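Participant: Handing you this structure, nothing more for now.
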Amino acid sequence: MARNQPTGVRDVTSTIRARHLKQLRIRMIRIIILATVVLLIGATVWVVWFSPLLIARSVVVSGNAHASTAEIIETAEVPIGTPLVAVDTQLIEERVMTIPVMAEVVVRREITGVVKIVVTEAKAAYIIPISGLYLVVSDQGKGFDMVPEPPEGLPTVNMVIDDSEASVRLMVDAAAILQALPESVRSLMTLLGAQTPDTFLISLNDGRQILWGSTEDSELKATVIEGLLNVPASYYDISSPSHPATR
């Protein structure tokens, strides 16, 4: 006569079987999730790097007035047809910044395939007469345009320039001095001239002259000259602002 299996044994077996099935379901869910993640990553990599959907298709330039759009695009060298993620925006910004008139460049990639180049150009600060023409120089001391007539409202700077480092420094220093000049002096100025970085000389419309010297202590010099011009004289030396002199 067969003996019945104890009830306690059946209960334990059922529990073990249920636990095993639960673990199996969990493993399957994990495998499905992992496979889904892998597929999504793979699809993303394909779309970003290999799909024709996200590539650089065109270039749009904004903010330019002096530099032409064609010049900016040519200088930028945006790799059309390259995946957007591979377009080096910093390198493009550095290239466009080599255009003398540029003060700031921001490059953005858009999902539509457009590479946007937004530029901020430097302001014209002064002109240098050169062989019957006029070189327009920015407030950063970079020449960026040659014009046949002097633009209205820009002061004239007289200096001999070439491709030397000395000329580059003179142009930068002239821009710095003009920015430091108080309006009361700037409104009277007819010419700023220099042969060396230490000999900037300002000519006023009534014949008086101001030896500014170098760009050093320009803020203090601006304060000193405003008061010193009230002293009757034809020549004012503020190259050493702590010891100004007149004659």
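Participant: What residue, among those in region 192-230 that are surrounded by fewer than 19 Cβ atoms within 10 Å (Cβ to Cβ), of a type in the set (D, E, K, R) and assigned to a helix (DSSP H, G or I), is farthest from the chain's Cα centre (by Cα)?
Facilitator: Ranking the qualifying residues of region 192-230, first place goes to Glu226.
Participant: Please find, among Ser184, Ser203, the residue that is at pLDDT below 95 and of a type in the set (S, T, N, Q).
Facilitator: Criteria check complete, one pass: Ser184.
Participant: Tell me which residues, restricted to region 237-247, are under 39 Å from the mean Cα position of the chain (by Cα) and either under 15 Å from Ile177 (Cα atoms) or not in a loop (DSSP other than H, G, I, E, B) (or both).
Facilitator: Asp237, Ile238, Ser239, Ser240, Pro241 - these are the residues of region 237-247 that are under 39 Å from the mean Cα position of the chain (by Cα) and either under 15 Å from Ile177 (Cα atoms) or not in a loop (DSSP other than H, G, I, E, B) (or both).
Participant: Would it be correct to say that Ser234 is surrounded by fewer than 17 Cβ atoms within 10 Å (Cβ to Cβ), under 38 Å from the mean Cα position of the chain (by Cα), over 15 Å from Ala176 (Cα atoms) and modelled with pLDDT of 95 or more?
Facilitator: no
Participant: Okay, moving on. Inside region 58-83, can you point out the residues that are not in a loop (DSSP other than H, G, I, E, B) and not aliphatic (A, V, I, L, M)?
Facilitator: Just the residues of region 58-83 that are not in a loop (DSSP other than H, G, I, E, B), to begin with: 58-62, 69-76, 83.
The answer is Ser58, Ser62, Thr69, Glu71, Glu74, Thr75, Pro83.
Participant: OK, next. Just one of (1) of a type in the set (Val, Ile, Thr); (2) in contact with a Leu (Cβ under 9 Å, 6 or more places away or on another chain); (3) within 30 Å of Asp88 (Cα to Cα); (4) at pLDDT 95 or above trips up Ile111, so point out which.
Facilitator: Exception for Ile111: condition (4).
Participant: Do we find a residue being modelled with pLDDT of 95 or more, part of a loop (DSSP other than H, G, I, E, B) and aliphatic (A, V, I, L, M) anywhere in region 84-98?
Facilitator: Among the residues of region 84-98, at least one is modelled with pLDDT of 95 or more, part of a loop (DSSP other than H, G, I, E, B) and aliphatic (A, V, I, L, M), which makes the answer yes.
Every residue, every condition in (1) within 16 Å of the chain's Cα centre (by Cα); (2) assigned by TED's automatic domain parsing to the domain that holds Leu170; (3) surrounded by fewer than 13 Cβ atoms within 10 Å (Cβ to Cβ), yes or no:
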| site | (1), (2), (3) |
| --- | --- |
| Ala67 | yes, no, no |
| Thr82 | no, no, no |
| Ile92 | yes, no, no |
| Val101 | yes, no, no |
| Val105 | yes, no, no |
| Ile117 | yes, no, no |
| Pro129 | no, yes, no |
| Gly143 | no, yes, no |
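Participant: Quick check on this structure: which one of Arg108, Arg169 is under 30 Å from Val85 (Cα atoms), outside any loop (DSSP other than H, G, I, E, B) and among the basic types (Lys, Arg)?
Facilitator: Checking each option against the conditions leaves just Arg108.
Participant: Moving to a separate point now. Which one of these does Lys123 not meet: (1) surrounded by fewer than 19 Cβ atoms within 10 Å (Cβ to Cβ); (2) under 30 Å from Pro148 (Cβ atoms); (3) touching a Phe, Trp or Tyr at 6+ places or on another chain (Cβ under 6 Å)?
Facilitator: (3)
Participant: Output the number of the condition that Asp173 fails; it satisfies all remaining conditions of (1) assigned by TED's automatic domain parsing to the domain that holds Leu220; (2) under 22 Å from Ala67 (Cβ atoms).
Facilitator: (2)
The values are calculated or read from the model by the stated rules, or taken from the named source; none is laboratory data. Keep in mind that this is a model prediction, so the values were computed, not measured. So basically every Cβ, Gly included, is an ideal-geometry build from the backbone, and we count neighbours across all protein chains shown.
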